[in-house]
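Here is the structure we will look at.
The values are calculated or read from the model by the stated rules, or taken from the named source; none is laboratory data. Nothing here was measured: the structure is a model prediction, and the numbers come from that model. Cβ: placed from backbone, ideal geometry, glycine included. Neighbour counts: every protein chain shown.
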Amino acid sequence: MGLFDKIKEKLSNEFIDIIEWLDYTDDTICHRFERYQNEIKNNAKLIVREGQTAVFINEGQLADVFEPGTYTLNTQNLPILATLKGWKYGFNSPFKAEVYFVNTHLFTDEKWGTKNPITLNDERFGLVEIRAFGTYAFKISDPGKFIVDIVGTDNNFTNFEINEHLKSLIATRFTDTVGEANLPIELYAANTTELSETCKEVMQPEFESVGISLEKFFIENVSMPEDLKKEIFEYSRIDKLDLDKLTKFKTAKAIEAAAKQEGGTAGAGMGMGMGFVLAQQMGGMMAPQMGAQQMPPQQQATAAPPPIPQATQYFYAVNGQQAGPVNYEQLGALFANRTVNKETLVWKQGMGNWTAIKDVEELKAFLGGSTPPPLPN
């Protein structure tokens, strides 16, 4: 070997490139290896660490992709680039190519949320608005596609840049999914796990179309206005309660509220009317006991109580629609909470026509004080 050949070999060995990227951040997804005029020498060393992928781009066109490992760059392991460059017999001089390192580890705890409330149509509550937020995790599954479709010429692409795009995509697909689910409104908050899995399946193809894999998707909370929450809780309680017991309870509460009104004729009349009803009920309960105490022992053993009278049932009109039937106490409770008023039309068995409450004798107690008859002449 001649002197010049030895000098040439020595210089070649001294100037063999080492292409690598040490990531000291937690948010960088893609980094372009910067070097003077993008020149790479023959037999340069490429080091790709675990959690990385190296992608070669030639004049904007995707070339070779390298998984973790150490490589000596030549025409044998750069087949696509060699074809693009037209190297039929190898190369000895430096060549130009862009090298991108893609971070392929899992990016976790990324936040998402609905910027605006989602409007849903519920069968019981009509149009309602909900909001939702949660977290998701992703990783780059196809580095070449990701660089071509998303990164472009960005030399340092971070997850902040892609998150804005992904969050918009998630919000759109989440809105479509919950709208098509057509669940009762209270079940959205109670079935976040199932809803999360469904949303992940719907969104996965959208992520994969740009080289991203959606690994995890969680809905942490589905919120709604406070007044709607109260309605749902009240509806749930009513659905579980005995309606007859609930009516009696509300009647008792109405009596208590009426009794607290000082100087109000309506409150006094309501208290008197309900008191009269309760007195009748208590009298009916105690009468058989008192009668039994006064009868001789022989009659107590043989006498049978009369049949319990059936409570009068009333139908009433609200907004032109027939409602009911309800008994006296229930109608009184409806009057107390202003569902009906003195002009409301009612009907019971035996009445020829619908009549206003104010004109039905036994219902006048709802109206308050009674009017005395005229003085005799």
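Here's the yes/no breakdown for (1) modelled with pLDDT of 80 or more; (2) closer than 18 Å to LYS358 by Cβ; (3) among the charged types (D, E, K, R):
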| position | (1), (2), (3) |
| --- | --- |
| GLN281 | no, no, no |
| MET295 | no, no, no |
| GLN300 | no, no, no |
| THR312 | yes, yes, no |
| PHE315 | yes, yes, no |
| ALA323 | yes, no, no |
| LEU334 | yes, yes, no |
| ASN341 | yes, yes, no |
| TRP347 | yes, yes, no |
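Name the single residue, out of those in the range 32-41 being more than 42 Å from the chain's Cα centre (by Cα) and in contact (Cβ under 8 Å) with a residue 24 or more places away in the chain, that is surrounded by the most Cβ atoms within 10 Å (Cβ to Cβ).
The residue in question is ILE40.
Tell me, which helices (runs of 4 or more DSSP H) lie completely within the range 134-228 with 1 or more residues that are β-branched (Val, Ile, Thr) and more than 22 Å from the chain's Cα centre (by Cα)?
Qualifying helices (runs of 4 or more DSSP H): 159-181.
Looking only at the range 68-78, count every residue that is assigned to a strand (DSSP E or B), on the phi < 0 side of the Ramachandran plot and surrounded by fewer than 13 Cβ atoms within 10 Å (Cβ to Cβ) and tell me the total.
2
Can you tell me how many residues in the range 178-192 are loosely packed, with under 15 Cβ neighbours inside 10 Å and not hydrophobic (A, V, I, L, M, F, W, C)?
4
Going by the structure shown, is LYS200 in contact (Cβ under 8 Å) with a residue 24 or more places away in the chain, in the same structural domain as ILE118 (by TED's automatic domain parsing) and among the basic types (Lys, Arg)?
no
Under the condition of being surrounded by 17 or more Cβ atoms within 10 Å (Cβ to Cβ) and assigned to a loop (DSSP other than H, G, I, E, B), which residue from the range 42-67 is nearest to the chain's Cα centre (by Cα)?
ALA44
Can you go through PHE157, PHE138 and tell me which one is in contact with a Cys (Cβ under 9 Å, 6 or more places away or on another chain) and crowded, with 18+ Cβ neighbours inside 10 Å?
PHE157
Going through the range 201-228 one residue at a time, which ones are in contact with an Asp or Glu (Cβ under 9 Å, 6 or more places away or on another chain) and on the phi < 0 side of the Ramachandran plot?
Within the range 201-228, VAL202, GLU208, SER209, VAL210, ILE212, SER213, LEU214, PHE217, MET224, PRO225, LEU228 meet the criteria.
Being modelled with pLDDT of 85 or more and either assigned by TED's automatic domain parsing to the domain that holds GLN61 or of a type in the set (Ser, Thr, Tyr) (or both) is the filter here; which residues of the range 126-174 pass it?
Within the range 126-174, THR135, TYR136, SER141, THR158, SER168, THR172 meet the criteria.
Test LYS45 against the criterion of being of a type in the set (Lys, Arg), at pLDDT 90 or above and either in contact with a Lys or Arg (Cβ under 9 Å, 6 or more places away or on another chain) or within 25 Å of THR153 (Cα to Cα) (or both), and give yes or no.
yes
Restricting the search to the range 22-31, which residues are at pLDDT below 90 and either among the aliphatic types (A, V, I, L, M) or crowded, with 20+ Cβ neighbours inside 10 Å (or both)?
LEU22
So which residues in the range 325-341 are loosely packed, with under 15 Cβ neighbours inside 10 Å and in contact with a helix residue (DSSP H, G or I) (Cβ under 9 Å, 6 or more places away or on another chain), if there are any at all?
Matches in the range 325-341: ASN337, THR339, ASN341.
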